[in-house]
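Peer 1: Please find one structure pasted underneath; my questions will follow.
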There are 2 protein chains.
Amino acid sequence: MARANLLIGQSGGATAVINASLVGAVEAALASERVTNVYGMLHGIEGFLKEELIDLSRQPAELWPRLRETPSAALGTCRYRLRAEDLEHALALLRRYEIRYLLYIGGNDSADTLHRLALAAQDCGYELQAISIPKTIDNDLPLTDHCPGYGSAARFIALATLDSSLNTSSIPWHYPVKIIETMGRDAGWLAAASALLKEDESDPPHLILVPERPFRQSEFLARVEAIQRRLGYVVIVVAETVRDESGRPLGSLGALGVDAFGHPLLSGAAQYLVESVRSQLGLRARFDKPGDLQRMASAYVSPVDRAEALLVGRQGVLAALAGYSDQMVTLQREEGPVYRCTTSLAPLASIANEKRCLPAEYLDESGTMITEAFRDYALPLLGELPPRYAQLAPIKVR
Amino acid sequence: MARANLLIGQSGGATAVINASLVGAVEAALASERVTNVYGMLHGIEGFLKEELIDLSRQPAELWPRLRETPSAALGTCRYRLRAEDLEHALALLRRYEIRYLLYIGGNDSADTLHRLALAAQDCGYELQAISIPKTIDNDLPLTDHCPGYGSAARFIALATLDSSLNTSSIPWHYPVKIIETMGRDAGWLAAASALLKEDESDPPHLILVPERPFRQSEFLARVEAIQRRLGYVVIVVAETVRDESGRPLGSLGALGVDAFGHPLLSGAAQYLVESVRSQLGLRARFDKPGDLQRMASAYVSPVDRAEALLVGRQGVLAALAGYSDQMVTLQREEGPVYRCTTSLAPLASIANEKRCLPAEYLDESGTMITEAFRDYALPLLGELPPRYAQLAPIKVR
């Protein structure tokens, strides 16, 4: 293909390392003689349809190393589902701006968007290399070992659970039950990460509630009571999307009713559990809900995650330049005792709108604790960890 | 005074640096020829009354540098209010264990505990040097420039607000209103810290709700609506203890009613604001509630805070050895352009059960934003900050 312009965008929820993917892609694009200009769409495909483009070829060179370390999506993102009439408009704009290389950093929905654009281009004979660059803290994309963004969010959840639980265990009878609410859409990858630094069976967290398993209230309360009796306190991690056996999200249960305007009052999964434990077991409970901090906290970025985010960005551009299209860059873990990932490609048709949940072997029989297999899988993604915390030796006074 | 034993305890809510104070104190005690043994009470005065003591003189030497970096209270804490009959028992135990130096790391309530013990010892002629070492993320102790623990929690809140807001601003129309709930008891020091890295009037956070100012619903909603129209999104930081004009906590308002067991359903301040904004302005809103993470996150420790925590621990022991009693170590900021604190002492009688709220000059006329005076006060406590985040230049495509 002759020289042409390259367009890149970011989509969906931002992460702490999605800018590293942008930087990896832009650096590869700027280094190629096949790329005339590098354009960025503001707010993803939604902005592109409104011709909200900026020129990435003419940014100051010193920007890129700094942007690599900056959390969130520097181009802005969108959550826009393409309508049929958008496809034609998008193709007209690709032609007008002489764009032949199209890179889109995002998750499942973004893969779907790019897939539809790739098919539309093919249908009308417009030569376009469309490559998706994976990104999601939810880690729910198929055909890749894991997703850039997950390692940093998992590191946050693992360390946050460790740190926050220390407050509960320093005075267990004050609030004997601590709930921590994580994100993760329909998959429990983030909630599961909370136990990655647990060393002993009695260490927190003690129960992990993931969306893959239906919530059973009486079983849950019985286990909380038993753990509290044995250890003096209980730390529970719950994914915000956990549902009961009828498929109702925990946050919509309880006697919350409607507000003065008739709108239903949703409490959130953690709030629901706090109220359940308090009213039915008589145990004081409170919750932490780190919210967007888990996707974005710059102080918890996994160096492994950031390096891989950069890598998939670069490899996406190289794949497009090599003539691939309608593919997503994937991470493939190599066999062997030392963690190492290389990249490959997978067809977008197999990725768009698919999701990968926690496989059965990553949860133990109770469904509320991770296995060694999950630890082996996820721990390397967190990068080098801070030193272990010190504990006083229980040396009695003579 | 002849050689005697030294006893130290930790009390109240743990912090990310309260162990640094313990290490500072123990190292000073171990270095003194006047101290025979160094004992630690498990779970503060509550544990001491049950003779739950451990020997800190015989811990492995390599423990102390590691413990200095470990968040939470290694000795465990308590929230125990001494009863009259406890005083006599405590004095009998001090005699039995030949303790003449008593150090207690904590906040207002802990100062009260120590003050009562000091008076009781004086009353019965038992020579005791009782010194309080300040600690609280709430920063509400009087007579000290600030409290160890606050700098790290403030750093957490400032950086978390910056990071989390980036997710909202990357796609403002998805959830245009973000609420972040902080701790702080009756004082707005932590909520105020959320704006320390705000550079421009349009930067988040846009509104800060502190307990020092009553919440006015209609005024609040009008301002949220106006900011959302102007900027496209609104970030609001609320202290969990904010009350309305009748003195009712926000978390107890709303149509939450009672649960199936007749217990009142408390929503929390952030949840209440989310519902208010959603039902009355029709704006999608969500909240982050970092909870105990703000007091404990090891990744956000302020190096200034940790150094000062160590310092007040050491100075507490030196004051006791020098014959002072019934005093708390305070931090005194020196005049001049470069931040520097030294220590002094203040009588416990002036500290116990007193609290220091945000002074009027630290909030602007609206009562919902900090002033430059607060920034000058608080910013040095955060320690050196990570580099500023990069932004793409809005260079149009030619």
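Peer 1: Somewhere in the range A:111-133, is a residue touching a residue at least 40 places away in the same chain (Cβ under 8 Å), within 14 Å of chain B (Cβ to nearest Cβ) and surrounded by 22 or more Cβ atoms within 10 Å (Cβ to Cβ)?
Peer 2: no
Peer 1: Further, regarding this structure: So, in the range B:131-146, exactly how many residues are of a type in the set (D, E, K, R) and either outside any loop (DSSP other than H, G, I, E, B) or under 25 Å from B:LEU7 (Cα atoms) (or both)?
Peer 2: Residues in the range B:131-146 being of a type in the set (D, E, K, R) and either outside any loop (DSSP other than H, G, I, E, B) or under 25 Å from B:LEU7 (Cα atoms) (or both): 1 in total.
Peer 1: Cβ-Cβ under 6 Å, sequence separation 6+ or interchain: first residue in the range B:324-349 and at pLDDT 95 or above, partner small (Gly, Ala, Ser) and surrounded by fewer than 18 Cβ atoms within 10 Å (Cβ to Cβ). Which pairs?
Peer 2: From residues that are at pLDDT 95 or above, the pairs are B:THR330/B:SER344; B:GLN332/B:SER344.
Peer 1: Condition first: touching a Pro at 6+ places or on another chain (Cβ under 7 Å) and assigned to a helix (DSSP H, G or I). Now tell me which residues in the range B:203-234 satisfy that.
Peer 2: B:GLN228
Peer 1: Give the residues of the range B:218-232 that are touching a residue at least 40 places away in the same chain (Cβ under 8 Å) and touching a strand residue (DSSP E or B) at 6+ places or on another chain (Cβ under 7 Å), sorted by residue number.
Peer 2: B:ARG223, B:VAL224, B:GLN228
Peer 1: Filtering the range B:377-394 down to residues that are among the small types (Gly, Ala, Ser) and surrounded by 14 or more Cβ atoms within 10 Å (Cβ to Cβ), which residue is farthest from the other protein chains (Cβ to nearest Cβ)?
Peer 2: B:ALA378
Peer 1: Looking only at the range A:222-251, count how many residues are in contact with a Lys or Arg (Cβ under 9 Å, 6 or more places away or on another chain) and open to solvent by 30 Å² or more (accessible area, probe 1.4 Å).
Peer 2: Number of matching residues: 4.
Peer 1: Here's something else I'd like to know. Report every pair of residues separated by at least 6 positions or lying on different chains whose Cβ atoms are under 7 Å apart, first residue within the range B:55-80 and touching a residue at least 40 places away in the same chain (Cβ under 8 Å) and under 20 Å from B:VAL301 (Cβ atoms), second open to solvent by 70 Å² or more (accessible area, probe 1.4 Å) and outside any loop (DSSP other than H, G, I, E, B).
Peer 2: Every condition considered, the pairs that remain are B:TRP64/B:GLU27.
Peer 1: With (1) open to solvent by less than 10 Å² (accessible area, probe 1.4 Å); (2) in contact with a strand residue (DSSP E or B) (Cβ under 8 Å, 6 or more places away or on another chain); (3) facing another protein chain (nearest Cβ under 9 Å) as the list, and A:ALA74 as the residue in question, which single condition is left unmet?
Peer 2: Result: A:ALA74 passes all but (1).
Peer 1: Answer with yes or no whether A:LEU207 is open to solvent by 10 Å² or more (accessible area, probe 1.4 Å), modelled with pLDDT of 95 or more and hydrophobic (A, V, I, L, M, F, W, C).
Peer 2: no
Peer 1: Could you check how many residues of the range A:41-71 are within 9 Å of another protein chain (Cβ to nearest Cβ), among the hydrophobic types (A, V, I, L, M, F, W, C) and more than 12 Å from A:VAL23 (Cβ to Cβ)?
Peer 2: So the answer is 3.
Yes/no per residue for (1) touching a residue at least 12 places away in the same chain (Cβ under 8 Å); (2) within 14 Å of chain B (Cβ to nearest Cβ):
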| site | (1), (2) |
| --- | --- |
| A:ALA297 | yes, yes |
| A:ILE351 | yes, no |
| A:ARG375 | yes, no |
| A:LYS396 | no, yes |
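Peer 1: Please count how many residues of the range A:350-365 are modelled with pLDDT of 95 or more, under 16 Å from A:PRO211 (Cβ atoms) and surrounded by fewer than 20 Cβ atoms within 10 Å (Cβ to Cβ).
Peer 2: Here the count works out to 4.
Peer 1: Counting just the residues of the range B:147-166 that are more than 18 Å from B:GLU384 (Cβ to Cβ) and not in a helix (DSSP H, G or I), which one comes out nearest to the other protein chains (Cβ to nearest Cβ)?
Peer 2: Filtering first and then ranking leaves B:GLY149.
Peer 1: Quick one: count up the residues across the range A:277-318 that are assigned to a helix (DSSP H, G or I) and open to solvent by less than 10 Å² (accessible area, probe 1.4 Å).
Peer 2: Total meeting the criteria: 11.
Peer 1: Does the range B:125-141 contain at least one residue that is modelled with pLDDT of 95 or more and out of contact with any helix residue (DSSP H, G or I) (no Cβ under 8 Å at 6 or more places or on another chain)?
Peer 2: The answer is yes, given that some residue of the range B:125-141 is modelled with pLDDT of 95 or more and out of contact with any helix residue (DSSP H, G or I) (no Cβ under 8 Å at 6 or more places or on another chain).
Peer 1: How many residues does the range B:342-395 hold that are of a type in the set (A, V, I, L, M, F, W, C) and part of a loop (DSSP other than H, G, I, E, B)?
Peer 2: Matching residues across the range B:342-395 total 10.
Peer 1: Continuing with this model, one more query. If you go through the range A:79-88 one residue at a time, do you hit one that is within 19 Å of the chain's Cα centre (by Cα), buried (at least 19 other Cβ atoms within 10 Å of the Cβ) and not assigned by the TED database to the domain that holds A:GLY291? Explain how you work it out, then say what you get.
Peer 2: Keep residues of the range A:79-88 that are within 19 Å of the chain's Cα centre (by Cα), which gives A:79-80.
Next, from what is left, pick out any that are buried (at least 19 other Cβ atoms within 10 Å of the Cβ): A:80.
From what's left, not assigned by the TED database to the domain that holds A:GLY291: A:80.
Yes, because at least one residue in the range A:79-88 is within 19 Å of the chain's Cα centre (by Cα), buried (at least 19 other Cβ atoms within 10 Å of the Cβ) and not assigned by the TED database to the domain that holds A:GLY291.
Peer 1: Look through B:ARG95, B:ARG100 and report the one residue that is at pLDDT 95 or above, part of a helix (DSSP H, G or I) and of a type in the set (Lys, Arg).
Peer 2: Numbers: B:ARG100 fails: part of a helix (DSSP H, G or I).
After ruling out the rest, the residue left standing is B:ARG95.
Peer 1: Considering only residues that are facing another protein chain (nearest Cβ under 9 Å), touching a residue at least 24 places away in the same chain (Cβ under 8 Å) and not in a loop (DSSP other than H, G, I, E, B), which ones fall in the range A:167-195?
Peer 2: Result: A:THR168, A:SER169, A:LYS178, A:ILE180, A:GLU181.
Peer 1: Next question. Restricting to the range B:182-198, name every residue that is open to solvent by 10 Å² or more (accessible area, probe 1.4 Å) and at pLDDT 95 or above. Spell out the reasoning first.
Peer 2: Just the residues of the range B:182-198 that are open to solvent by 10 Å² or more (accessible area, probe 1.4 Å), to begin with: B:183, B:185-186, B:197-198.
Those that are open to solvent by 10 Å² or more (accessible area, probe 1.4 Å) and at pLDDT 95 or above: B:MET183, B:LEU197, B:LYS198.
Peer 1: Among residues belonging to the range B:17-45 that are open to solvent by 10 Å² or more (accessible area, probe 1.4 Å) and of a type in the set (Ser, Thr, Tyr), point out the one that is nearest to the chain's Cα centre (by Cα).
Peer 2: Among them, the one singled out is B:TYR39.
The values are calculated or read from the model by the stated rules, or taken from the named source; none is laboratory data. Worth saying up front: this structure is predicted, and the values here are computed from it rather than measured. Neighbour counts are summed over all protein chains in view; Cβ atoms, including those assigned to glycine, are modelled from backbone coordinates with ideal geometry. The protein model used for the area step is the full one, side chains on, heavy atoms only, and it has no ligands, DNA or RNA in it. Shrake-Rupley method; radii C 1.70, N 1.55, O 1.52, S 1.80 Å.
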